[in-house]
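Peer 1: Would you mind keeping the following structure in view while I ask a few things?
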Amino acid sequence: MSSAIRNIVIIGGGSAGWLSAGIIAATYASAADGVGLRVTLIESPDIKTIGVGEGTWPSMRRTLKRIGLSETDFLRFCDASFKQGTEFHGWASDTGASYTHPFMPPTDFDALNPVEAYLAEYTKSRFDQTVCPQVALFADNLAPKQITTPEYAGSTNYGYHLDAGKFAALLQKHCTEQLGVTQVVANVTAVLCKPNGDIDRLKTDRTDDLNGDLFIDCSGTHGLLINGLYNIGFIDRADTLFNNRAIAAQTPYVDETDPIASCTHSTAQSAGWIWDIGLPTRRGTGYVFSTQHQSDDEAERTLRQYIERTSTAAIAASVQTRAIAFEPGHREIFWHRNCVALGMAAGFIEPLEASALVLVELGATMIADELPADRSDMDRVSKRYNDRFQYRWDQIIDFLKLHYVLSTRTEPYWVDHRHPRSIPESLTSLLQTWAYRPPWHHEGYHKDEMFPSASYQYVLYGMGFRPARTMPQHRHHDQQMASARRTFAEVTKQATRLRTHMPSNRALLETLKQHRLQTV
Ligand SMILES: Cc1cc2nc3c(=O)[nH]c(=O)nc-3n(C[C@H](O)[C@H](O)[C@H](O)COP(=O)(O)OP(=O)(O)OC[C@H]3O[C@@H](n4cnc5c(N)ncnc54)[C@H](O)[C@@H]3O)c2cc1C
């Protein structure tokens with residue numbers, strides 16, 4: 001009997017489900033042609049999607065292009081804007097000082113590690129501004145491209161801010177109308193297995209049974225298959241990253257000419273941090289905090305005070321808030337038998353650095369690119385997948401924790417974050433290395449590393465990290481310093497050029513209502 005993999009069933013119609021459907025369906029011919037894959041997505045008419053998740057990585061451009069969506073249509077339909085990184089306020093200390101993590105690496109990063117020269121001569125300036133011209137665009141809310149720049153190309157690297165509900169709706173329309181994905185609106189009521197333990201089919205409350213060869217669990221936090229059926233363990237990471245609650249609010253602009261921020265603003269608070277993102281029609285704001293350190297009422301007051309400071313008292317008093325509880329952590333494994341969990345079903349850690357959707361993109365891309373031809377190949381692929389994604393989760397956790405351990409803030413939440421017991425050994429070891437050797441390319445083990453060494457540099461030196469020990473002087477020190485001075489001078493020139501030529505985020509998005517970006 002053939003056990004070829006031809007029939008993929010995805011449970012869940014949130015961003016994870018539809019992104020996975022799009023990536024897989026865009027990779028293979030459709031079953032309708034007799035030689036391809038059948039992709040079916042089932043979503044409940046009763047269980048709502050989580051409806052948040054508004055910041056993406058630059059990887060989303062590659063994903064949207066891969067699935068054949070036009071960037072102009074995406075921007076218009078999803079109330080989306082351009083994001084060029086994150087600006088952190090008040091993280092390093094409670095003086096409110098800021099630093100950024102832009103999406104572009106330092107200029108000439110392949111040839112030059114900028115840290116030594118920065119520490120030797122430039123510490124009166126901010127690290128990010130010294131090494132990366134993109135940062136100059138943040139302050140004036142400038143766009144990464146012009147209207148004449150083709151779709152998905154940019155003068156600087158960028159991702160998006162978007163409306164999560166509209167994004168899922170656009171993906172659904174595109175997947176069903178252009179990519180041959182079958183949508184089923186029904187509740188999964190039972191899961192039937194084969195004698196060997198693989199999933200055979202799903203029973204629903206309003207359709208025939210759905211048979212499949214591979215099942216993708218995008219059913220949200222409760223993980224209908226990975227948890228409900230297979231009971232795969234959950235690794236709770238609250239001992240390292242304490243945040244477990246968010247209060248979100250959609251905040252209107254004071255008037256329609258208000259600037260649209262071209263980065264996420266992340267402002268540290270006494271027991272967490274507030275995100276603030278700019279969409280064309282509103283801001284998305286929210287406070288992510290630890291319920292061990294602050295009550296819901298205090299947290300809501302904190303968010304409203306922030307909105308009042310950055311908007312008006314009337315808006316702060318009138319916004320509707322929504323509380324979302326989550327358990328920070330992830331599954332022990334993600335692919336078990338013929339079932340892979342993606343999105344919230346696989347795990348979730350606070351949205352600092354917006355790493356959730358990119359994990360879905362990476363996961364679905366690996367499933368599509370390494371799809372086993374036959375069931376007999378699946379356990380080999382699933383092992384590779386689990387190894388890769390366990391590594392990725394650990395790396396995300398280390399990177400997010402880094403934002404906390406370098407802070408000198410004195411509230412109990414921040415002090416607890418610096419307690420050695422809460423810091424993973426892997427991060428402690430990296431910090432010990434960085435005490436005398438700054439991160440550079442030797443940090444990355446995989447080609448598609450989620451956080452390259454440039455990201456670590458922006459956080460470390462943005463937060464004022466200084467080496468504890470010095471290395472012997474490099475043989476070519478003088479040449480390296482001269483080259484760094486030239487590079488940093490070029491960064492200043494590039495920053496001026498970008499500021500002169502880039503339109504504001506709002507101006508470009510207004511133009512896009514009338515004109516399309518060129519397709520290539
Ligand atoms: C506060 C917060 C902020 C976030 N911010 C970001 C961010 O800035 N960037 C980012 O990348 N990510 C962010 N995320 C994460 C992001 O929201 C999610 O990763 C993303 O929305 C994917 O969710 P999902 O599709 O896995 O789950 P959901 O949206 O919960 O979808 C679950 C789907 O499963 C279906 N379902 C469930 N049970 C059944 C059943 N029995 N039968 C049929 N269907 C069923 C539901 O109907 C629904 O369609 C954030 C998350 C939170 C909590």
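The values are calculated or read from the model by the stated rules, or taken from the named source; none is laboratory data. Everything numeric here is computed off the predicted structure, so don't read it as measured data. As a convention, Cβ positions derive from the backbone with ideal geometry for all residues, glycine included, and neighbour counts pool all protein chains shown.
Peer 1: List the pairs whose first member sits in the range 37-48 and is closer than 11 Å to Thr182 by Cα, whose second member is of a type outside the set (A, V, I, L, M) and part of a strand (DSSP E or B), and whose Cβ atoms are under 6 Å apart, counting only residues at least 6 apart or on separate chains?
Peer 2: So the pair list comes out as Arg38/Asn7; Thr40/Thr182; Leu41/Gln183.
Peer 1: Quick check: is even one residue across the range 288-310 under 27 Å from Glu411 (Cβ atoms), crowded, with 23+ Cβ neighbours inside 10 Å and under 20 Å from the mean Cα position of the chain (by Cα)?
Peer 2: Within the range 288-310, one or more residues are under 27 Å from Glu411 (Cβ atoms), crowded, with 23+ Cβ neighbours inside 10 Å and under 20 Å from the mean Cα position of the chain (by Cα).
Peer 1: Related question: Quick one: in the range 88-114, of everything that is touching an Asp or Glu at 6+ places or on another chain (Cβ under 9 Å) and more than 17 Å from Gln494 (Cβ to Cβ), which residue is surrounded by the fewest Cβ atoms within 10 Å (Cβ to Cβ)?
Peer 2: Going through the qualifying residues, I end up with Asp94.
Peer 1: Within the range 358-375, take every residue that is surrounded by fewer than 19 Cβ atoms within 10 Å (Cβ to Cβ) and of a type outside the set (A, V, I, L, M, F, W, C) and give me the one that is nearest to Asn386 (Cα to Cα). Before the answer, list the steps.
Peer 2: Initially, the range 358-375 is screened for residues surrounded by fewer than 19 Cβ atoms within 10 Å (Cβ to Cβ), giving 369-371, 373-375.
From what is left, the residues that are of a type outside the set (A, V, I, L, M, F, W, C) are 369-370, 374-375.
On the way: Asp369: 15, Glu370: 13, Asp374: 19, Arg375: 17 Å.
So the residue we want is Glu370.
Peer 1: Now a separate question. For the range 330-348, which positions are buried (at least 24 other Cβ atoms within 10 Å of the Cβ) and in contact with a Pro (Cβ under 8 Å, 6 or more places away or on another chain)?
Peer 2: none
Peer 1: Right, here's the next one. What number of residues in the range 354-368 are within 21 Å of Pro102 (Cα to Cα) and either without any contact (Cβ under 8 Å) to a residue 40 or more places away in the chain or more than 6 Å from the ligand (Cβ to nearest atom) (or both)? I'd like the intermediate steps shown before the answer.
Peer 2: Here is the first cut: in the range 354-368, the residues within 21 Å of Pro102 (Cα to Cα) are 354-359, 361-362.
Then drop every residue that is not either without any contact (Cβ under 8 Å) to a residue 40 or more places away in the chain or more than 6 Å from the ligand (Cβ to nearest atom) (or both), which leaves 355, 358-359, 361-362.
Number satisfying all stated conditions: 5.
Peer 1: Restricting the search to the range 129-157, which residues are under 25 Å from the mean Cα position of the chain (by Cα) and either among the acidic types (Asp, Glu) or assigned to a helix (DSSP H, G or I) (or both)? Lay out the reasoning, then the answer.
Peer 2: Our first condition is that a residue be under 25 Å from the mean Cα position of the chain (by Cα); within the range 129-157, this holds for 129, 131-146, 149-157.
Answer for the range 129-157, where residues must be under 25 Å from the mean Cα position of the chain (by Cα) and either among the acidic types (Asp, Glu) or assigned to a helix (DSSP H, G or I) (or both): Gln129, Val131, Val135, Ala136, Leu137, Phe138, Ala139, Asp140, Glu151.
Peer 1: Report whether or not Ala261 is out of contact with any helix residue (DSSP H, G or I) (no Cβ under 6 Å at 6 or more places or on another chain), near the ligand (Cβ under 9 Å from one of its atoms) and assigned to a loop (DSSP other than H, G, I, E, B). Break it down into steps so the answer makes sense when it comes.
Peer 2: On the way: out of contact with any helix residue (DSSP H, G or I) (no Cβ under 6 Å at 6 or more places or on another chain): yes; near the ligand (Cβ under 9 Å from one of its atoms): no; assigned to a loop (DSSP other than H, G, I, E, B): yes.
Taking the combined requirement at face value, the residue does not satisfy it.
Listed here are the residues, each with its yes/no results for (1) in the same structural domain as Gln250 (by TED's automatic domain parsing); (2) part of a loop (DSSP other than H, G, I, E, B); (3) among the charged types (D, E, K, R).
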site: Gly13; (1), (2), (3): no, yes, no
site: Ala16; (1), (2), (3): no, no, no
site: Leu19; (1), (2), (3): no, no, no
site: Gly22; (1), (2), (3): no, no, no
site: Val39; (1), (2), (3): no, no, no
site: Pro45; (1), (2), (3): no, yes, no
site: Ile50; (1), (2), (3): no, yes, no
site: Arg61; (1), (2), (3): no, no, yes
site: Leu64; (1), (2), (3): no, no, no
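Peer 1: Pick from Leu69, Leu75: which is touching a helix residue (DSSP H, G or I) at 6+ places or on another chain (Cβ under 7 Å), touching a residue at least 40 places away in the same chain (Cβ under 8 Å), assigned to a loop (DSSP other than H, G, I, E, B) and outside the structural domain of Ala364 (by TED's automatic domain parsing)?
Peer 2: The match here is Leu69.
Peer 1: List, please: which pairs have Cβ atoms under 7 Å, are six or more places apart or on different chains, and start with a residue in the range 181-208 that is farther than 19 Å from Asn227 by Cα and touching a residue at least 12 places away in the same chain (Cβ under 8 Å) and end with one that is of a type in the set (A, V, I, L, M, F, W, C) and in a loop (DSSP other than H, G, I, E, B)?
Peer 2: Close Cβ pairs satisfying both conditions: Asp205/Ala186; Arg206/Ala186; Thr207/Ala186.
Peer 1: Let me ask another. Test each condition in (1) more than 10 Å from the ligand (Cβ to nearest atom); (2) outside any strand (DSSP E or B); (3) touching a Ser or Thr at 6+ places or on another chain (Cβ under 6 Å); (4) not aliphatic (A, V, I, L, M) for Asn243 and report the one that comes out false.
Peer 2: (1)
Peer 1: Shifting gears a bit: Tell me yes or no: at least one residue of the range 15-28 is hydroxyl-bearing (Ser, Thr, Tyr), more than 16 Å from the ligand (Cβ to nearest atom) and touching a Ser or Thr at 6+ places or on another chain (Cβ under 8 Å). Please lay out each step first, then the result.
Peer 2: Going residue by residue through the range 15-28, those that are hydroxyl-bearing (Ser, Thr, Tyr) are 15, 20, 27-28.
So of that shortlist, the ones also more than 16 Å from the ligand (Cβ to nearest atom) come out as 27-28.
Cutting the leftovers down to touching a Ser or Thr at 6+ places or on another chain (Cβ under 8 Å) gives us none.
Checked against the condition, which is being hydroxyl-bearing (Ser, Thr, Tyr), more than 16 Å from the ligand (Cβ to nearest atom) and touching a Ser or Thr at 6+ places or on another chain (Cβ under 8 Å), the range 15-28 yields no hits at all.
Peer 1: Is there a residue in the range 457-466 that is part of a helix (DSSP H, G or I) and either more than 23 Å from Gln134 (Cβ to Cβ) or of a type in the set (Asp, Glu) (or both)? If you could, list the steps in order and put the result at the bottom.
Peer 2: Pass one, the range 457-466, residues part of a helix (DSSP H, G or I): 457-462.
Now drop any that are not either more than 23 Å from Gln134 (Cβ to Cβ) or of a type in the set (Asp, Glu) (or both), which leaves none.
No, because not a single residue in the range 457-466 is part of a helix (DSSP H, G or I) and either more than 23 Å from Gln134 (Cβ to Cβ) or of a type in the set (Asp, Glu) (or both).
Peer 1: Let me ask something additional. If you go through the range 365-383, how many residues are assigned to a helix (DSSP H, G or I) and in contact with a helix residue (DSSP H, G or I) (Cβ under 8 Å, 6 or more places away or on another chain)? Before the answer, list the steps.
Peer 2: The initial filter retains those residues of the range 365-383 that are assigned to a helix (DSSP H, G or I), namely 365-369, 375-383.
Now narrow it down to the ones that are in contact with a helix residue (DSSP H, G or I) (Cβ under 8 Å, 6 or more places away or on another chain): 365-369.
Within the range 365-383, residues that are assigned to a helix (DSSP H, G or I) and in contact with a helix residue (DSSP H, G or I) (Cβ under 8 Å, 6 or more places away or on another chain) number 5.
Peer 1: For the list (1) out of contact with any Phe, Trp or Tyr (no Cβ under 7 Å at 6 or more places or on another chain); (2) within 30 Å of Ala25 (Cβ to Cβ), I need the number of the one condition that Thr408 fails.
Peer 2: (2)
Peer 1: Could you go through the range 26-36 and let me know if any residue there is outside the structural domain of Trp335 (by TED's automatic domain parsing), at positive phi and modelled with pLDDT under 95.
Peer 2: Pass one, the range 26-36, residues outside the structural domain of Trp335 (by TED's automatic domain parsing): none.
No, the range 26-36 contains no residue that is outside the structural domain of Trp335 (by TED's automatic domain parsing), at positive phi and modelled with pLDDT under 95.
Peer 1: Continuing with this model, one more query. Restricted to the range 30-72, and to residues that are of a type outside the set (Lys, Arg), more than 7 Å from the ligand (Cβ to nearest atom) and under 14 Å from the mean Cα position of the chain (by Cα), which residue is surrounded by the fewest Cβ atoms within 10 Å (Cβ to Cβ)?
Peer 2: This residue is Ser59.
Peer 1: Please enumerate the residues belonging to the range 323-345 that are small (Gly, Ala, Ser) and more than 8 Å from the ligand (Cβ to nearest atom). Steps first, please.
Peer 2: Pass one, the range 323-345, residues small (Gly, Ala, Ser): 323, 325, 329, 341, 343, 345.
Ala323, Ala325, Gly329, Ala341, listed by residue number.
Peer 1: Another question, then. Give the range 104-121 a look and list any residue that's farther than 13 Å from Tyr461 by Cβ and among the small types (Gly, Ala, Ser), or say none. Break it down stepwise before answering.
Peer 2: Just the residues of the range 104-121 that are farther than 13 Å from Tyr461 by Cβ, to begin with: 104-105, 107-112, 121.
Of everything in the range 104-121, just one residue is farther than 13 Å from Tyr461 by Cβ and among the small types (Gly, Ala, Ser), namely Ala111.
Peer 1: Which fully enclosed strands (runs of 3 or more DSSP E) of the range 158-226 have 1 or more residues being within 9 Å of the ligand (Cβ to nearest atom), more than 28 Å from Lys83 (Cβ to Cβ) and at pLDDT below 95? So that I can check it myself, show each step before the final result.
Peer 2: Details: elements: 159-161, 182-185, 188-193, 199-204, 214-217.
Filter on the range 158-226 gives an empty set.
Peer 1: Determine the pairs where a residue that is in a helix (DSSP H, G or I), located within the range 308-326, has a partner that is exposed (fewer than 13 other Cβ atoms within 10 Å of the Cβ) and among the β-branched types (Val, Ile, Thr) with Cβ atoms under 9 Å apart, the partner being 6 or more residues away or on another chain.
Peer 2: Ile315/Val254
Peer 1: Name the residues in the range 115-128 that are surrounded by fewer than 22 Cβ atoms within 10 Å (Cβ to Cβ) and in a helix (DSSP H, G or I), would you?
Peer 2: Glu116, Ala117, Tyr118, Leu119, Ala120, Glu121
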